[in-house]
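In what follows, a single structure is set out as C-alpha cells and then discussed.
Each value in this text was obtained by applying a stated rule to the coordinates, not by laboratory testing. Just so it is clear, the structure is predicted and the values come from calculations on it, not from any experiment. Using ideal geometry, Cβ is built from the backbone for each residue, glycine included, and neighbour counts are taken over all protein chains shown.
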Ligand code: HEM
C-alpha cells in the first residue's frame with residue numbers, strides 16, 4: 001500500500017489529520033515543559049523565559065552575557081529571577097544584601113562543586129586530587145590572605161613586583177633611545193600582557209621558572225583565547241591537540257617547580273609557604289602544578305584586561321593624564337626607588353585608585369557562581385526555596401550598572417570614587433562594587449591587583465610621553481580576556497618624557 005502512494009498523496013496525508021496530531025503533541029509537550037520549568041511565586045523567583053528547550057539561555061548568555069543579564073533583569077522588573085542554562089536552573093541575584101546573604105550560607109550554597117569541576121575539567125586533575133585540594137583549601141586560603149593582604153608580607157611581594165616592572169620599563173626606554181626618531185609605537189595590549197604578566201610571574205614563581213619555560217605566558221594566552229572551549233567541553237585530545245598540549249606544558253613546568261621548590265630561592269616566600277604546605281598534605285605534583293596554573297589564571301586574567309582598559313581611558317583624556325602625573329609628583333614618586341613605591345601606591349594616589357575602581361565597575365563581567373547543595377533559602381528571602389542542584393549567580397554587571405548606586409552608569413567618570421573633599425563624586429567602592437566575589441573564596445588578590453595596575457600605569461605616564469596612535473581601536477565593553485584579545489587593538493606612541 002505504501003509504495004503506491006505518490007508524493008502528492010503523501011503531502012495530502014500530512015496536510016490532514018497528521019498536522020492536527022502533531023500540533024497536539026507540540027502543544028502538550030510545551031505545556032509539560034513549561035510546567036516542569038514553572039516557578040511558583042510562593043517558593044522562588046520568577047523565570048525569565050527562553051525558546052530553546054534544555055539548552056535554555058546558554059547560547060545567548062555565551063554570546064554577550066552583559067547585555068543578556070541587563071535585559072533579563074529589566075524584563076523581570078529588577079527582581080531576582082531564574083533562567084534555564086544547559087538544563088539547570090540559574091538563580092540570578094543583583095542586590096548587594098542578597099549577595100551578602102548568599103555568601104553567608106556557605107554550607108548550603110557552596111562553591112565546592114564549581115571549583116571541583118574547574119580542577120577536573122579545565123586543569124585535568126583527578127577527582128581524588130581535586131577532593132584533596134578542597135580539603136587543604138581553608139589553610140591554603142589563610143596563607144593567601146596573609147601574604148596578599150597582610151601589610152608586611154604584601155609589601156615584600158609588591159616591592160618585588162615594582163622592581164620587575166621597573167626593569168622591563170628600562171627595556172622600553174632603551175628601545176626608544178636606540179630608535180631613529182627616538183620614538184616607538186607599541187601594541188598596547190601586548191605591552192600590558194608582556195610587562196605586567198612577566199613581572200607577576202617573576203614575582204610569584206621566580207626568574208628560574210620563566211628562564212626554563214619562557215613560553216608560559218604565550219601558552220596561557222593560547223589556552224584562554226583558543227583552547228578554553230574545547231577543554232571546557234571535553235573535546236577529545238585527538239581533535240584538539242594544541243590546547244591540551246599548551247595546558248599540559250604549563251602544568252608540567254609548575255609541577256617541576258613544586259619538585260624543586262626548596263632549591264629555588266627566587267620563588268616568593270608566599271609560594272614557598274603555600275606549596276610546601278599543600279605538598280605536605282599528599283597532593284600529587286601534577287595537581288600542585290595545576291593549582292599553580294589556576295593561580296596564574298587568577299592573578300593575570302582579570303588584572304591584565306583591567307590595566308589595559310584603564311590605560312585606554314586615561315590616554316583619551318589629556319586632562320586626566322596631567323592630573324595623574326601631578327598626583328604622583330606631589331606624592332614624591334620621582335624621587336624614590338622602585339621598592340619604595342609601596343609607600344606611595346595606592347595610599348597617596350586617590351585619583352589613580354578611583355580610576356582603578358571605575359574601570360572595574362564599567363568593564364568587570366565576572367559572575368559569582370555557587371551550587372545549591374540542599375534545598376534552602378537565604379536570610380534576605382526567607383519565603384523563597386532554592387532547590388537542590390540549582391546554581392546561584394551574582395553577575396557583577398547588574399550591581400555595577402545599577403543607576404541608584406552609580407548614576408550615569410554608562411559614562412566613565414575617573415573621579416567617581418574620589419572623595420568629595422578632593423573634588424570627586426564620593427561614591428564608596430567598598431559598599432557598591434562586587435568584582436571580587438565573596439565569602440570563603442573572596443578574592444585574596446584584590447589589593448595586589450590594584451598595585452599591579454598602579455605599578456604599570458604610574459611608570460607609563462611618568463617615564464613617557466604617551467599618545468594613542470590615531471587608528472581604529474575598540475574600547476571593549478567587558479574585560480573578559482578572550483573577548484579583549486579579538487578586538488581591534490590600540491597602539492601607543494612612546495617618547496621619553498622630559499623630566500619636570
Ligand atoms: C582585577 C583584578 C582581579 C579581579 C577582578 C579578581 C576577581 C576574583 C573573583 C571574582 C574571584 C572568585 C571569588 C568568588 O567566587 O567568591 C577571585 C578569586 C581568587 N583570586 Fe582574584 N581577582 C583579581 C586579581 C587577583 C590577583 C592579582 C590575584 C593573585 C595575586 C588573585 C587571586 C585569587 C585567588 C587565589 C582566588 C581564589 C580564592 C579561592 O577560592 O581560594 N586575584 N578573584
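Given the structure, is residue 115 surrounded by 16 or more Cβ atoms within 10 Å (Cβ to Cβ), more than 30 Å from residue 132 (Cβ to Cβ) and within 16 Å of the ligand (Cβ to nearest atom)?
Considered against the rule, which asks whether it is surrounded by 16 or more Cβ atoms within 10 Å (Cβ to Cβ), more than 30 Å from residue 132 (Cβ to Cβ) and within 16 Å of the ligand (Cβ to nearest atom), residue 115 comes out as no.
Taking only the stretch 438-474 into account, find how many residues are more than 16 Å from the ligand (Cβ to nearest atom) and surrounded by 15 or more Cβ atoms within 10 Å (Cβ to Cβ).
Summing the residues that are more than 16 Å from the ligand (Cβ to nearest atom) and surrounded by 15 or more Cβ atoms within 10 Å (Cβ to Cβ) in the stretch 438-474 gives 11.
Residues in the stretch 403-414: is at least one in a strand (DSSP E or B) and either within 16 Å of the ligand (Cβ to nearest atom) or surrounded by fewer than 16 Cβ atoms within 10 Å (Cβ to Cβ) (or both)?
Scanning the stretch 403-414, I find no residue that is in a strand (DSSP E or B) and either within 16 Å of the ligand (Cβ to nearest atom) or surrounded by fewer than 16 Cβ atoms within 10 Å (Cβ to Cβ) (or both), so the answer is no.
Among the residues of the stretch 173-194, how many are within 23 Å of residue 498 (Cβ to Cβ) and either over 28 Å from the mean Cα position of the chain (by Cα) or part of a strand (DSSP E or B) (or both)? Don't jump to the end; show me each part of the working.
Residues of the stretch 173-194 within 23 Å of residue 498 (Cβ to Cβ): 173-186, 188, 191.
Now narrow it down to the ones that are either over 28 Å from the mean Cα position of the chain (by Cα) or part of a strand (DSSP E or B) (or both): 173-186.
Summing the residues that are within 23 Å of residue 498 (Cβ to Cβ) and either over 28 Å from the mean Cα position of the chain (by Cα) or part of a strand (DSSP E or B) (or both) in the stretch 173-194 gives 14.
Considering each of 130, 86 in turn, give the residue that is under 28 Å from residue 245 (Cβ atoms), crowded, with 16+ Cβ neighbours inside 10 Å and in contact with a helix residue (DSSP H, G or I) (Cβ under 7 Å, 6 or more places away or on another chain).
Result of the check over 130, 86: 130.
Name, by its number, the condition in (1) within 15 Å of the ligand (Cβ to nearest atom); (2) over 24 Å from residue 297 (Cβ atoms); (3) surrounded by 22 or more Cβ atoms within 10 Å (Cβ to Cβ) that does not hold for residue 359.
(2)
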